[in-house]
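**Student:** This is the structure, below, for whatever I ask next.
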Amino acid sequence: KYVFASSGANKIQIQGGYFADKKNRSGESWIASGNADYPWTITNASTSVSNYNELLQAIADANSGENKRILVSANITGTEGKSIIIPAGVNITFDMSGKKIVNPVKGGAAIINNGSATFTNGILLNGNTEAQESSVVYNTGSLVLDNMTCGSVDNRGAAVVNKGGEVTIIGGVYNSID
């Protein structure tokens, strides 16, 4: 069932990497088997996601102060009207691997970043085709967009709205309404 298991006085420390079992399940609950007597330390471990619910769960599983990497392994479409929220205190890197996240939110943001988020090598879109007030990312935390394409379907709304946070853009294509 587990990729790693510990018994006795042994301690396993994982620093980075991607781990999945034979059924291609990933995430810490399938990676680690340990308890108070046999503690685990997992830092910079990667979680692979291929749909909207897995993405939301991977974000929810991020702990304050942890550096979490989420590998986006398929194009993901969100739920109409529900923003993807990255909470304050977490540090998440989204390795998009050329994939896209499309989240249709009318009059709001597809992604709300209150923590520290880095998106690399992919596409972020607000899939709403009606409201010009929509944005792709609403940022109050620390945001890095590295080689991303970021915009709204039909060029409606802003690519990024920054409200008191820090934004770093390293290459890419960004669009908004004319």
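The values are calculated or read from the model by the stated rules, or taken from the named source; none is laboratory data. The structure displayed is predicted, hence computed values, not measured ones. Using ideal geometry, Cβ is built from the backbone for each residue, glycine included, and neighbour counts are taken over all protein chains shown. With ligands, DNA and RNA removed, areas are computed over all heavy atoms of the protein, side chains included. Shrake-Rupley method; radii C 1.70, N 1.55, O 1.52, S 1.80 Å.
**Student:** On the basis of being surrounded by 21 or more Cβ atoms within 10 Å (Cβ to Cβ) and on the phi < 0 side of the Ramachandran plot, does Val90 make the cut?
**Tutor:** yes
**Student:** Could you run through region 93-106 and say how many residues are open to solvent by 50 Å² or more (accessible area, probe 1.4 Å) and part of a loop (DSSP other than H, G, I, E, B)?
**Tutor:** 4
**Student:** When you check Ile111 against the structure, is it among the β-branched types (Val, Ile, Thr), under 14 Å from the mean Cα position of the chain (by Cα), modelled with pLDDT of 90 or more and surrounded by fewer than 22 Cβ atoms within 10 Å (Cβ to Cβ), yes or no?
**Tutor:** no
**Student:** Go through region 141-164 residue by residue and tally those that are part of a loop (DSSP other than H, G, I, E, B) and modelled with pLDDT of 95 or more. So that I can check it myself, show each step before the final result.
**Tutor:** Of region 141-164, the ones part of a loop (DSSP other than H, G, I, E, B) are 141, 156-157, 163-164.
From what's left, modelled with pLDDT of 95 or more: 141.
Count: 1.
**Student:** Something else now. Spot the failing condition for Asn53; the list is (1) in contact with a strand residue (DSSP E or B) (Cβ under 6 Å, 6 or more places away or on another chain); (2) on the phi < 0 side of the Ramachandran plot, and only one is missed.
**Tutor:** Of the numbered conditions (1) in contact with a strand residue (DSSP E or B) (Cβ under 6 Å, 6 or more places away or on another chain); (2) on the phi < 0 side of the Ramachandran plot, the odd one out for Asn53 is (1).
**Student:** Now for a separate question. If I ask for residues that are in contact with a helix residue (DSSP H, G or I) (Cβ under 8 Å, 6 or more places away or on another chain), in a loop (DSSP other than H, G, I, E, B) and surrounded by 19 or more Cβ atoms within 10 Å (Cβ to Cβ), which ones from region 120-140 would you list?
**Tutor:** Those that are in contact with a helix residue (DSSP H, G or I) (Cβ under 8 Å, 6 or more places away or on another chain), in a loop (DSSP other than H, G, I, E, B) and surrounded by 19 or more Cβ atoms within 10 Å (Cβ to Cβ): Gly127, Asn128.
**Student:** So is Ala117 modelled with pLDDT of 50 or more, open to solvent by less than 30 Å² (accessible area, probe 1.4 Å) and part of a strand (DSSP E or B) or not?
**Tutor:** So Ala117 passes the test.
**Student:** Which one is most open to solvent (accessible area, probe 1.4 Å), of the residues in region 75-87 that are of a type in the set (Ser, Thr, Tyr) and in a loop (DSSP other than H, G, I, E, B)?
**Tutor:** Going residue by residue through region 75-87, those that are of a type in the set (Ser, Thr, Tyr) are 77, 79, 83.
Then drop every residue that is not in a loop (DSSP other than H, G, I, E, B), which leaves 79, 83.
Working: Thr79: 56, Ser83: 36 Å².
The qualifying residue most open to solvent (accessible area, probe 1.4 Å) is Thr79.
**Student:** Give the residue that is modelled with the lowest pLDDT, with candidates limited to residues of region 74-108 that are of a type in the set (Val, Ile, Thr) and closer than 22 Å to Val173 by Cα.
**Tutor:** The selected residue is Val105.
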